[in-house]
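To keep things clear, I will list the structure first and then write my remarks on it.
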Amino acid sequence: MADEITLSMDSKAVSVPAGSTLLEAGQAAGSPIPTICWHEATTSNGLCRMCVVEVEGQRVLQPACIVKAAEGMKVQTGSERVVRARRTILEMLASTMDLSESPEILSMMDEYGASAERFPEAERRESPVLDDNPMYVRDYSKCLLCWRCVQVCAEDAQYTYAINFTGRGFETQIGTFFDRTIPETTCVLCGQCVGVCPTGALKPKREYLLEHGLSPQDITVLSSGRKRKAADRR
Ligand code: SF4
Ligand code: FES
């Protein structure tokens, strides 16, 4: 197999190492492609489709984060069809979830002229905030199911397997096995899931409490009370 592949990105010839994705080819060609579910530290699964591009000869748009570059490919990263698809993806996200803490996605909405009101009949995914452990809170109303947290908890980093997808179809969300609280799972509170979450669905507990009006002193009192209770239980 050739070590390098030459293809055309937005009518510019670019050579990339064999095995590169179209996302990487776009970066090399100076045609950056927007992403949402992709993260440099996690395996790409092509879930959000924000990175779609048009490949000559292919009937459907291709997710650049998983499709490999091939010799002679002709790729358009910003055609009218691509822009329309990305705008619709953003509009569907805005219609069904809380994007208030997703600044990158909100700026993509501006860039693509996406309207949060495009699908007024859409059912919103709402869930109560889960506050069941000392380190982070989970607000799945803000979750776009990018799967990054599940992946870092599993083979991409931690090998802990505390969380996964639960439910089906519209009911799909991230959760624990048998809906257990986080302390009842294998979670070791490493915080890697919080670090890769793009939407504020997973948030450090301290940040959450400060946002809800507690002072640093209140938080110290709260956590020392919790530590005392844990010691009493031992
Ligand atoms: S909780 Fe965050 S990281 Fe996990 S799937 Fe939802 S948006 Fe992605
Ligand atoms: S970034 Fe490629 S599918 Fe989400």
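Throughout, read-outs are computed from the coordinates displayed, never taken from laboratory work. Because the structure is a prediction, the values reported are computed rather than measured. Positions of Cβ are generated from backbone atoms using ideal geometry, with glycine treated the same way; all protein chains shown enter the neighbour counts.
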### Task
Could you grab the pairs with beta carbons closer than 7 Å, sequence gap of 6+ or different chains, first residue in the stretch 188-215 and outside any loop (DSSP other than H, G, I, E, B), second one β-branched (V, I, T) and away from ligand 1 (no atom under 16 Å from the Cβ)?
R206/I219; L209/I219
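Taking the condition within 14 Å of the chain's Cα centre (by Cα) and not polar (S, T, N, Q), does R84 pass?
The answer is no for R84.
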### Hits in the stretch 143-157 - residues which are more than 7 Å from ligand 1 (Cβ to nearest atom) and either crowded, with 21+ Cβ neighbours inside 10 Å or under 24 Å from L106 (Cα atoms) (or both)
Q151, V152, C153
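Only one residue in T176, T181, T160 is buried (at least 16 other Cβ atoms within 10 Å of the Cβ), farther than 30 Å from E91 by Cα and in contact (Cβ under 8 Å) with a residue 12 or more places away in the chain, so which one is that? Talk me through it step by step, then tell me what you get.
Values: T176 fails: farther than 30 Å from E91 by Cα; T181 fails: buried (at least 16 other Cβ atoms within 10 Å of the Cβ).
Every option except T160 fails the conditions.
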### Message
Could you tell me how many of the residues in the stretch 137-193 are among the basic types (K, R) and either closer than 22 Å to W38 by Cβ or under 16 Å from the mean Cα position of the chain (by Cα) (or both)?
### Response
3
### Task
Would you mind stating whether S44 is surrounded by 13 or more Cβ atoms within 10 Å (Cβ to Cβ), among the hydroxyl-bearing types (S, T, Y) and over 24 Å from A154 (Cβ atoms)?
no
### Query
Which residues, taken from the stretch 71-120, are within 14 Å of E54 (Cα to Cα) and in a helix (DSSP H, G or I)?
E80, R81, V82, V83, R84, A85, R86
### Task
Go through the stretch 121-159 and count every residue that is within 16 Å of ligand 2 (Cβ to nearest atom) and part of a strand (DSSP E or B).
0
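Output the residue which, of all residues in the stretch 22-72 that are within 22 Å of L145 (Cα to Cα) and of a type in the set (S, T, N, Q), is farthest from ligand 1 (Cβ to nearest atom). Can you show your working first?
Going residue by residue through the stretch 22-72, those that are within 22 Å of L145 (Cα to Cα) are 23, 33-53, 61-67.
Adding the requirement that they be of a type in the set (S, T, N, Q) leaves 35, 42-45, 62.
Details: T35: 13, T42: 9, T43: 14, S44: 14, N45: 11, Q62: 22 Å.
For the stretch 22-72, the residue satisfying everything is Q62.
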### Summary
Of the candidates Q192, Q173, the one satisfying the condition of being under 22 Å from P134 (Cβ atoms) and in contact with a helix residue (DSSP H, G or I) (Cβ under 8 Å, 6 or more places away or on another chain) is Q192
